[in-house]
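For reference, the structure discussed in these notes is given below.
What follows draws every value from the coordinates through simple rules; no lab data is involved. All values reported here derive from a predicted model rather than from experimental measurement. Every residue, glycine as well, gets a Cβ built from its backbone with ideal geometry; the counts of neighbours run over all protein chains shown.
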Amino acid sequence: MVICIVGVWAGTINTVVGSGTLVTFPVLVALGYPPVTATTSNAVGLAPGAIAGSIGYRAELTGQGRRLVRLAVASVFGAIGGTILLLSLPPEAFETVVPWLIVAALVLVLLQPRVSAWVLHRQSDGAGYRGPLLFAMVFLIGIYGGYFTAAQGVMLVAVFGMLLHEPLQRLNGMKNVLSAVVNTVAGVIYAFIAPVSWPVIGLLAVSSTLGGLLGAKIGRKLPPAVLRGVIVVVGLVAVVKLVLD
C-alpha cells in the first residue's frame, strides 16, 4: 500500500517537477531493500509513469519530433553508460556516494523555482540553439540518470533554458520525453541483468502510470511548494538513514 501511494506521488512529481525518485528510493530503503536493488527496481517501476507523463504532454511536443529524436540518441547512450557504472562499481561505492547524490538532488529541487524563472528570462533574451553542446549535455545527464535518476528532470530543464528558445511548458514536455527514454533504457537493462524486486516493480509501474497521467492533467494546479516540500523532507530522512546505517 505504501509503495502504491509513493508511486502515484512520484509519477505526478516526475511529470510536473522531476525528482520523484527522491520519494520512492528512500521509502524502498526504509522498507529494507538494499540501495542498489532499490535504485534498479525504482528505475524499472517508474519507467511506465514517465512514458504516461510524456504522452500527457504531447500537445507541447508538436513540431519537436526531429530534435527529440536526435536528443533521444544522446539519452539512450547516456543511460547505457550510467547503468554500466552502477553495475560495474561495487555496491559499497554506490552506498557511499548516494547520500551525496541525494543532497545534490535536493539542492536542485530547492533551486527549481529560480531555475524556472531564469529559463523564462533567457527565453525573453532570445537564447539560441547550440546543437553539439546540447547533445553533449543531454548525454551527460543521461549518464547521471542511468546511475541515479533523481533530479535529472531539473537538470534537463536548466540545460534547455540555456540553449533553446522555447516556452517553459514545451521544455517541460521535452524533459518528460528524455527522462522517459533514460528510465526505459536503464529499466530494460536492469530488468535482465541487475538485482531487482519484481513485486516492487509491478506496484510502482501501475501506480506511477496513474501518477504520470494525473501529473499531466492536474499536476500543474498543485502548489509547487508542496511538491518540493515533500521531496525535501523525504530526501533528508533518506540521507540520515543512509548515513546512520
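Descriptive notes on the structure:
- Prolate/oblate/rounded call for segment 58-102, Cα gyration tensor, a/c under 1.5 rounded: prolate
- Close amide H partners of residue 20, meaning residues 5 or more places away or on another chain with modelled amide H under 5 Å apart, are 14, 151.
- For 137, 174, order by how many other beta-carbon atoms lie within 10 Å, fewest first: 137, 174
- For trypsin sites (Lys or Arg not before Pro), no site in segment 38-85 is both called loop by DSSP and has at most 12 other Cβ atoms within 10 Å.
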